[in-house]
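The values are calculated or read from the model by the stated rules, or taken from the named source; none is laboratory data. Computed from a prediction, not measured in an experiment: that's the story for all the values here. Glycine also receives a Cβ, built like all others from the backbone with ideal geometry; neighbour counts cover every protein chain displayed. These accessible areas exclude ligands, DNA and RNA; they are computed on the full protein's heavy atoms, side chains included. Shrake-Rupley method; radii C 1.70, N 1.55, O 1.52, S 1.80 Å.
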Amino acid sequence: MATKKISKKEWQKYFDSFSHKFLKDQQPEYIEIQVMSNDIGVQPATGWTILRGITYDPKSDMLEIQVDDLEHNITHPKEIYVEEVEDGWVTGIEVINKDGEKNIFDIR
């Protein structure tokens, strides 16, 4: 498993490719979302829920994580790191906002 930083110019293509390759079959994938900051510590944003898609919209500068019953949106992300296995499957994502807040995604 390798952790790598995804450059901003690659975000849209990277997440579109991941969603189309891994999230469009009949077997559901699950995600747990946590938010971490100096003010609040680590807080769960969701429990384990079905992951429907991840997209980045460069016009609004927003990363959108679609889960079973809601969307988790991150406006103006500053950095994105992913943990990948050999076939490109992403097991974790860390998104750092411009104010230093981190959104941490575990994917199974």
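Key figures for this structure:
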{"quantity": "Those residues of region 53-70 which are surrounded by 12 or more Cβ atoms within 10 Å (Cβ to Cβ) and not β-branched (Val, Ile, Thr), in sequence order", "calculated": "53, 56, 57, 61, 62, 63, 64, 66, 68, 70"}
{"quantity": "Residues (part of a strand (DSSP E or B) and surrounded by fewer than 15 Cβ atoms within 10 Å (Cβ to Cβ)) located in region 99-108", "calculated": "106"}
{"quantity": "Extreme residue, farthest from residue 24 (Cα to Cα), among residues of region 71-98 that are in a loop (DSSP other than H, G, I, E, B) and open to solvent by 60 Å² or more (accessible area, probe 1.4 Å)", "calculated": "98"}
{"quantity": "Selection within region 1-52 - of a type in the set (Gly, Ala, Ser), open to solvent by 40 Å² or more (accessible area, probe 1.4 Å) and part of a strand (DSSP E or B)", "calculated": "2"}
{"quantity": "Boolean, residue 95 is out of contact with any Cys (no Cβ under 9 Å at 6 or more places or on another chain), within 18 Å of residue 8 (Cα to Cα) and of a type in the set (A, V, I, L, M, F, W, C)", "calculated": "yes"}
{"quantity": "Some residue of region 53-60 being outside any helix (DSSP H, G or I), in contact (Cβ under 8 Å) with a residue 60 or more places away in the chain, under 21 Å from residue 108 (Cβ atoms) and hydroxyl-bearing (Ser, Thr, Tyr)", "calculated": "no"}
